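Only one structure is covered here, and it is reproduced in the block below.
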C-alpha cells in the first residue's frame, strides 16, 4: 500500500479564479428548478475571507453533459460567494434512510492546509427532521449552521463561520 | 471493489493540521470544534466527471501564443493511483504556479519581481487510461512572503485533483529535490514528518528531453476504497 499524497493550502494566488462561469452549474443547459445559493465566509475575528475557493457538489439531479453537478466560486471583497444551480431532491442514505435535499460544500483558502467540508441543506424541508447526517450533529442547535435560509424567490443564503461563536459544523468524510 | 465502495479513512499522519501556529494565516481560519465524522453516502462516494470537450486541456505552460516563457524548461510527469496502486484514468488535474522569477500572474501578487508576458502559469491535464499525466512548464522561482521575517517559499507547483469521488478531492503542492528552503517552510513542515517527502518530486533523467527540457517525476496517490460496498439504498 502506498501512502496518500498530503494536502497543502490552495494559497492566495490560485489561478482557478479566472473561470467565473464555473459558479453557474446551469451554463451547459441544465433543466430543473433553478436556484441561487449565496453567502459569506467569515473568519474567527468576524472578518471576511476574501481569497477563498468555494466548491459545491450535488448527487442530485444526477450529473450529465448538461449538468456538471459541480461548481466553484471565488469569494469577493466582502467574503461573498454565489452559485446558480438546480435545486437537489432527496437522495438515498445508508440502509433504508432517505437524505434530505443537500449540497456538499468544500472550502479552500490561504491558511487552510486541508480543505474544509460541510453540507448545505434547505430550510423548511420535512426530511431535515430525519436526515441521518444532520442527526449526528450535537448539540442539536449547531445543525442550523448547515441550513440555508430563503432569501427571495429562488434564492438561498448561508453564511459560513470558520471559527468561534456560531462556528459552522465541518465534516470528516 | 466497485464504484459504490466507500473510500477508506485517511491514515493518521498524512495530512497537516489546520491549527498550525507556525503558518500564521491559520490562526483565525481553523475551526476549533472537532470535525463531525459522517458515513459516506452517494454524495461523498460519487463525484464530478470532467470532459476534455467542456474543460479543454492546457498541457504546455512554457509558451504563450507561440512565444517561449523565460526560465528553465521542465517536463513534469507521473501517475495518479489509489493507495492500492490502481490507476485513476481520465481524471482532471489543475495546475498553477509562479513564473521563473517567483511572480504569479495574479492580481493579488505584488512581489517586486517581473511578470513574463509569455507566461500565465495555468495548466489543465487529464490522466490517460493508465493514470499517467504529463505537462511542460518552466521551473517556478522562490518568492518572499510575510509569514515571518525573511520568509521565502520553496520552489513549488500547485495541483488540484478530483479523483473518482467527492471524498478524494485533493489540493497539494509539489516541491523540487534539494531545495534548501524546504526545511524553513512552515507550509511544507506542517505535513507530518513521515509523509512530508511524498511532496518532493524526483529528478528523472529518462523524462528529460535532450537539448530541450529537464524532467521531474511526481506521482499522486489518492484514497483507496474499502473492501465492503455501501449498503444498497
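What follows draws every value from the coordinates through simple rules; no lab data is involved. From a predicted model like this one, the values you see are computed outputs, not experimental measurements. Cβ sites come from the backbone with ideal geometry, for glycine too, and all protein chains shown count toward neighbours.
Calculate, for residue A:151 and residue A:129, the FRET efficiency according to 1/(1 + (r/R0)^6) with r their C-beta to C-beta distance and R0 22 Å; round to the nearest 0.05.
0.50
Determine, for each peptide in B:196-205, A:46-55, the mean count of other beta carbons within 10 angstrom over its residues, then list the peptides with the highest first.
Ranked by mean Cβ neighbours within 10 Å, highest first: A:46-55, B:196-205.
What FRET efficiency comes out for the pair residue A:77/residue B:55, r = Cβ-Cβ distance, R0 = 30 Å, nearest 0.05?
0.60
Run through the DSSP bridge list for chain A and note the antiparallel percent, rounded to the nearest 5.
Antiparallel bridges: around 80 percent, rounded to the nearest 5.
Can you compute the modelled spin-label distance between residue B:109 and residue B:146, with each label point 7 Å from Cα toward Cβ, in nm?
That separation, rounded to one decimal, is 1.8 nm.
Any chance you could run the full-extension gain for residue B:214 through residue B:37? It's 0.36 nm times the residue separation minus the Cα-Cα distance, nm to one decimal.
Here the segment from residue B:214 to residue B:37 would lengthen by 59.4 nm.
Taking every residue in B:167-175, how many Cβ atoms of other protein chains lie within 10 Å of its Cβ, on average?
6
How many partner chain Cβ atoms sit within 10 Å of a residue's Cβ in peptide B:15-28, on average, as a whole number?
Across B:15-28, the average partner-chain Cβ count within 10 Å equals 5.
Any chance you could get the radius of gyration and Dmax over the Cα atoms of chain B, in Å?
Looking at chain B, its Cα Rg and Dmax stand at 18.8, 57 Å.
If you average the C-alpha positions of region B:58-103 and of region B:1-44 separately, how far apart do those two centres end up, in angstrom?
Between the Cα centre of region B:58-103 and that of region B:1-44, the gap is 26 Å.
Just want the ordering: B:166, B:159, from fewest to most Cβ atoms lying within 10 Å of their own Cβ.
B:159, B:166
Could you check what % of the DSSP bridge pairs in the protein assembly as shown are antiparallel, to the nearest 5?
The answer is about 75 percent antiparallel.
Can you give me the distance in nm between label points at residue B:130 and residue B:226, each placed 7 Å from the Cα along the Cα-to-Cβ direction?
Output for this residue pair reads 3.3 nm.
Once the convex hull of the C-alpha atoms of the protein assembly as shown is built, how many Å³ does it hold per residue, rounded to a whole number?
Once divided by residue count, the hull of the protein assembly as shown is 143 Å³.
Using the number of other C-beta atoms within 10 angstrom as an exposure proxy, rank B:72, A:129 with the fewest first.
A:129, B:72
Which percent of the Cα-Cα distances in chain A go past 26 Å?
More than 26 Å apart: 29 percent of the Cα pairs in chain A.
Exposure proxy check: B:4, B:212, A:57 ranked by fewest other beta carbons within 10 Å?
Going from least to most buried by this count: B:212, B:4, A:57.
Show me, bin by bin at 10 Å from 0, the whole-percent P(r) of region B:116-233 based on Cα pairs.
10, 35, 34, 15, 5, 1
Which residue fluctuates the most in chain B, going by a Gaussian network model with Cα springs under 10 Å, if the choices are B:47, B:66, B:13?
B:66
What residue among B:194, B:123, B:178 has the largest mean-square fluctuation in a Gaussian network model of chain B, using Cα springs under 10 Å?
Per the Cα network of chain B with a 10 Å cutoff, B:194 tops the list.
Below 8 Å, C-alpha to C-alpha, sequence gap of six or more: please give me the relative contact order for chain A in percent.
With pairs under 8 Å counted, the relative contact order is 25 percent.
Using alpha carbon centroids, what distance separates region A:79-137 and region A:1-41, in Å?
Between the Cα centres of region A:79-137 and region A:1-41 lies a distance of 15 Å.
So for the pair residue B:197, residue A:34, with labels modelled 7 Å out along Cα→Cβ, what separation do we get in nm?
5.5 nm
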